Amino acid sequence: MTLMNALPYARHFIDGAWTESGTVGESTDPATGEVLGTFADGGAPEARAAVDAARRAFETGDWARDRDLRARALFEMSDRMAERRDELVGLLSRENGKIPAEAALEVDLTISKIRYYGALALTESGRASEVKPGLYSMTLRQPAGVAGVIAPWNSPVILSVRSFAPALAAGATVALKLPAQTALTNSLLYEIVAATTALPQGVFNAFTESGSSGARLIVADPGVDVISYTGSTHVGRAIMADASASLKAMSLELGGKTPMIVFDDADLDAAVPVLTKAITTFTGQFCMTGSRILVQRGVADALRTRLSAALEAVKVGPGTDPASEMGPLIDRANADRVDKEISDAAEYAKVLVRGGRITDGPLAAGAFLRPALVEVDDVDRPIVQQELFGPVATFEVFDDEADAVARANATEFGLAASIWTRDVDRPLRVGRELEAGTVWANTWAVIVDQMEEGGFKQSGVGRLNGERALEEFQEIKHIVHPAPRAS
């Protein structure tokens, strides 16, 4: 970042150089509305340059063939991020609205993830066999080519790295698009990658845009071989359609509506604090937000009372206040949108905790919203079926395991679920029946680099994390070599 008018100015990083755009945008603090800095606002020209640079680097350089180089670059990149960890945490907290502890969680998980993929870059997973006498067969994993990565504003550091780190480890080159809401954070991430001396020119290219013309070019361009997108299901469907002309490989992690299933024998002392965090972490702007509380009838009254009290007690405020337990939404428009969803739900459901917009006092200038809890019986209601992307949860009562499973599976989403019980077998028995890519037992949002993550149904296709993440950016080549025994 450079200085313009005494404020930070963020640029793109393409083909090893910092680049400008004809349009300049402003980045604002969601807690105050204050302008934090300005940024070069990209689009199709920047996407074109990024894709072309990535294609040249893939076809003319050694990156696709040199796994030692890839590992060395990723290890160095993790070191560069560790060196600027505190700076990145502070900027992410202020621009994105996360409280500092949540921003630190995102950055710390990212550092370890880059190191993990540095190690995987050295891992060979091909097979070889003499399938018939004198007929040898082997498979080789080769990088697919140029990876187009599109990541969202809610956790821009980890969600972009979660895609581009395995792409780089696999030997692909990258054209990355990040959104304008976190332009300054994006640029700091670009700086960290640019400081990686082992990374060849053009292997990593990144731009920020407030619109979608650049992202659309990446999706449709025949010079891009793989798309990795994290975001809404609606946009994911459009990306799949636009990419169909060139039959691109596709990794999509999309929306979620995570059911938190609490059985009669659950430890409520352990469950209530986690359920509260599941609703309020990242201000509910998280694809795995625990936005559906499913509770068995025997403990429904107790949980209703305790969870309502816990949500009402959540301290909402800016990240600059050490007492804050939940920050603002990304902007006032989103805060207003979520507040309206709560009001609309009151027409067909019982509002247990109204929450909603803070419109007076010192927080009124920001995008602050108190958490809400809405009790609903009919799973077909909009507040159950739609991803709100805010600190709002439904409260739904069920009778037995079959009822719990039916309710949990009643949406188009299938990203994650959580089961709370003292029965040692129930998490496996119930979890087997849930249509979800991740199922937690007596916990929530535990994600590890070594194990795959992704969605069932309309929550996406493909997997990230674990060894499978590399496969999303690779092709498998089968080589057959006859070498009969000498007569």
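Derivation of every value follows stated rules applied to the coordinates shown; laboratory data play no part. No experiment lies behind these values; they were computed from the predicted model shown. Note that we place each Cβ from the backbone using ideal geometry, even for glycine, and neighbour counts take in every protein chain shown.
Using the Cβ of Ala215 as centre and a radius below 14 Å, the other residues enclosed give a net charge of -1, where K and R count +1 and D and E count -1.
Over the residues of the chain, the helix contribution to mean residue ellipticity at 222 nm works out to -11500 deg cm²/dmol, using -39500 (n - 2.57) for each DSSP H run of at least 4. Label zone (Glu87, point 7 Å along Cα-to-C-beta; backbone nitrogen cut-off 15 Å) within the stretch 191-234: 191-197. For Asp377 and Val424, FRET efficiency with R0 = 51 Å and r from the beta-carbon atoms, rounded to 0.05? The calculated FRET efficiency here is 0.95. Setting aside same-chain residues fewer than 8 positions from Lys277, which lysines have a Cα under 18 Å from its Cα? Output for Lys277: Lys98, Lys257, Lys315.
Using alpha carbons only, how many degrees (0 to 90, rounded to 10) separate the axis of helix 67-83 from the longest principal axis of the chain? Helix 67-83 sits at roughly 40 degrees to that axis. Once the Cβ-Cβ distance of His481 and Ala119 is raised to the sixth power relative to R0 = 35 Å, the FRET efficiency obtained is 0.70.
Report the net charge of residues surrounding Gly290, where surrounding means a beta-carbon distance below 12 angstrom and charges are Lys +1, Arg +1, Asp -1, Glu -1. That works out to +3. The distance linking the stretch 312-381 with the stretch 129-158 is 43 Å (Cα centroid to Cα centroid, whole angstrom).
Annotation note: GluC sites (Glu not before Pro) in the stretch 1-89 located in DSSP loop regions with a Cβ neighbour count of at most 16 within 10 Å are Glu20, Glu34. Reachable lysines from Lys248, Cα under 19 Å, same-chain residues fewer than 8 places away excluded? Qualifying lysines at Cα under 19 Å: Lys177, Lys477. Maximal additional length on extending the Glu20-Arg468 stretch stands at 157.7 nm, based on 0.36 nm per residue less the C-alpha distance. Rounded to the nearest 20, the size of the Cβ-charge dipole of the stretch 257-321 about its Cα centre is 260 debye, with Lys and Arg at +1 and Asp and Glu at -1.
Full extension of the segment from Glu59 to Ala128, taken as 0.36 nm per residue of separation minus the current Cα-Cα distance, would add 22.1 nm. How many angstrom separate the Cα center of the stretch 81-112 from the Cα center of the stretch 53-68? Each part's Cα centre sits 30 Å from the other's. Electrostatic tally near Ala31: other residues with Cβ closer than 13 Å to its Cβ, Lys and Arg +1, Asp and Glu -1, net -2. Our note on the geometry: Cα centres of the stretch 8-36 and the stretch 427-487, 36 Å apart.
Hey, what angle do you get for helix 44-60 against the long axis of the chain, alpha-carbon based, 0 to 90 degrees rounded to 10? That helix lies at roughly 40 degrees to the long axis.
Note on the chain: with charges restricted to the Cβ of Lys and Arg (+1) and Asp and Glu (-1), its dipole about the Cα centre is near 1060 debye. Only Lys, Arg, Asp and Glu carry charge here, each on its Cβ (+1 for the first two, -1 for the last two); on that basis the stretch 177-315 has a dipole of about 280 debye about its Cα centre.
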